[in-house]
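So the structure is just underneath, and the comments pick up after that.
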Amino acid sequence: MIQATTTRLRIAPVDHRPTICHVIHALGVGGAEVLVDQMLRLLSDEFRCVVAVLDEIGEIGERLQRDGFTVRFLNRQRGIDRGCAKRLREFADQEGAEILHAHQYTPFFQSMLSRGFFGRRPVMFTEHGRHFPDHPSRKRAIVNRLLLRNCDRLFGCGGAVRQALIDNEGLPQERIEVIYNGVDLASLSKPTTGAREHIRREFHFAETDFVAVLVARLHELKDHQTALRAVDAARKAIPGLRLLLVGDGNERPAIEQTLRTRGLEDCVTLAGTRKDVADLLAASDVFMMTSISEGIPLTIIEAMAARRPVVATAVGGLPELVEHGVTGFLAPARDDAQLAASLIELYRRPELRERMANVAAKRADGKFSLDGMLNGYRNVYREVLQPKHRGFSFGLGRRDVSSNAAENGGRS
């Protein structure tokens with residue numbers, strides 16, 4: 001007798017979330033890369049996010065892959081790599097991506113190019129910062145106008161970045177919105193117990209030392225040499241002045257040489273790459289940034305949220321973050337004398353440090369929160385996915401948009 005057997009079929013659950021394909025140069029350690037990582041993880045309740053990496057997967061990309069996210073390396077070649085654009089289109093098609101969200105200009109160009117002439121997939125473009133020097137390009141402006149379509153959305157991470165897209169990329173100002181970068185304020189407000197003491201003990205700082213921390217990759221655009229000159233000038237007036245440089249990069253040998261030349265080994269410490277930024281900020285008295293070019297750096301938002309006054313150069317989007325005399329002090333790029341004077345004033349006036357710290361924390365919470373940024377992009381994704389916004393037409397049709405979308409949780 002033949003007995004019938006019952007076979008249970010396992011049917012994979014259908015994922016009804018819309019798919020967003022993020023396109024980025026690389027996923028190493030950097031501000032834009034961290035934001036993409038957060039967007040993948042924290043918007044996953046509503047959107048399925050995948051990543052196309054043009055140049056290098058990097059540390060964050062490898063971690064995302066280990067955690068089950070789809071990250072595809074496209075191996076972009078120099079110049080106008082149409083093969084990369086084709087691979088991007090094939091990957092987006094394979095994953096069923098409904099939106100390409102490009103971070104920085106080259107990923108934006110590749111995303112537009114990937115559509116060919118008849119592709120209908122909307123492209124979102126977020127510019128997180130600008131290269132230095134930043135000059136107008138007539139060639140790029142023409143290409144942008146040819147490839148841009150009405151269904152696309154354009155964003156700068158701040159007002160200065162938005163203006164650069166208008167002036168240097170020829171993008172229409174009525175099409176460009178602002179969503180400010182945001183940080184996880186809750187985690188920064190809770191450093192580990194005893195952080196100030198154990199960090200100072202780790203780096204052999206005394207409790208009475210006046211500690212400035214600078215968190216940035218060791219790159220020429222961050223201009224650590226100006227910070228070193230400022231500390232050299234200020235240390236005569238600030239007993240126990242210490243500068244903690246957090247980050248790594250190709251400028252490390254030059255920085256080490258300056259430390260030896262100026263005799264700064266005892267008051268400047270190279271900490272390398274660290275993940276305990278909240279603890280480092282808790283151990284500091286002031287945050288420094290001496291860049292010659294910036295967008296809206298997350299590290300300054302982190303410092304403000306951690307109640308630290310900021311001494312920085314007035315470049316790029318930094319004046320949008322730091323109000324001179326209110327949440328910190330600003331100086332012209334490479335002006336080590338004024339930066340030194342600011343450090344000295346903050347050292348001599350602890351009540352001013354406290355007042356600036358309180359205002360900075362309120363400003364970070366009101367304008368630069370991670371939730372505010374994520375809600376801004378969440379609302380834009382929803383809007384772009386609506387059928388009425390999926391038109392095919394080319395060009396620069398006018399759109400009445402707010403240039404300060406993040407303050408209203410997305411669009412006004």
query: How many residues does the stretch 219-234 contain that are in contact with a Lys or Arg (Cβ under 9 Å, 6 or more places away or on another chain) and either part of a loop (DSSP other than H, G, I, E, B) or of a type in the set (Val, Ile, Thr) (or both)?
result: 3
task: Could you figure out which of (1) of a type outside the set (Phe, Trp, Tyr); (2) at pLDDT below 90; (3) closer than 28 Å to residue 184 by Cα isn't true of residue 2?
output: (3)
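If only one of 144, 168 is of a type outside the set (Val, Ile, Thr), in contact with a Ser or Thr (Cβ under 7 Å, 6 or more places away or on another chain) and outside any loop (DSSP other than H, G, I, E, B), which one is it?
Matching residue, one of 144, 168: 168.
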query: Do you know which residues across the stretch 60-74 are of a type in the set (Asp, Glu) and under 13 Å from residue 36 (Cα atoms)?
result: none
- prompt: Restricted to the stretch 114-139, and to residues that are closer than 29 Å to residue 378 by Cα and among the charged types (D, E, K, R), which residue is modelled with the lowest pLDDT?
  reply: 130
query: Filter the stretch 235-248 for residues that are touching an Asp or Glu at 6+ places or on another chain (Cβ under 9 Å) and either at pLDDT 95 or above or of a type in the set (Phe, Trp, Tyr) (or both); which is surrounded by the most Cβ atoms within 10 Å (Cβ to Cβ)?
result: 242
task: Quick one: in the stretch 235-246, of everything that is in a strand (DSSP E or B) and more than 15 Å from residue 336 (Cα to Cα), which residue is farthest from the chain's Cα centre (by Cα)?
output: 241
- request: Would you mind finding the one in 64, 88, 54, 40 that is modelled with pLDDT of 95 or more, out of contact with any Ser or Thr (no Cβ under 9 Å at 6 or more places or on another chain) and in the same structural domain as residue 380 (by TED's automatic domain parsing)?
  value: 40
task: Confirm whether residue 168 is over 26 Å from the mean Cα position of the chain (by Cα) and modelled with pLDDT under 95.
output: no
query: Are any residues in the stretch 300-318 in contact with a helix residue (DSSP H, G or I) (Cβ under 9 Å, 6 or more places away or on another chain), free of Cβ contacts under 8 Å to residues at least 60 places away in the same chain and either over 24 Å from residue 186 (Cβ atoms) or surrounded by fewer than 24 Cβ atoms within 10 Å (Cβ to Cβ) (or both), and if so, which ones?
result: 307, 312, 315, 318
- prompt: So which of 82, 115, 138 is within 30 Å of residue 293 (Cα to Cα) and among the basic types (Lys, Arg)?
  reply: 138
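The values are calculated or read from the model by the stated rules, or taken from the named source; none is laboratory data. Because the structure is predicted, anything quoted here is derived from the model rather than measured. As a convention, Cβ positions derive from the backbone with ideal geometry for all residues, glycine included, and neighbour counts pool all protein chains shown.
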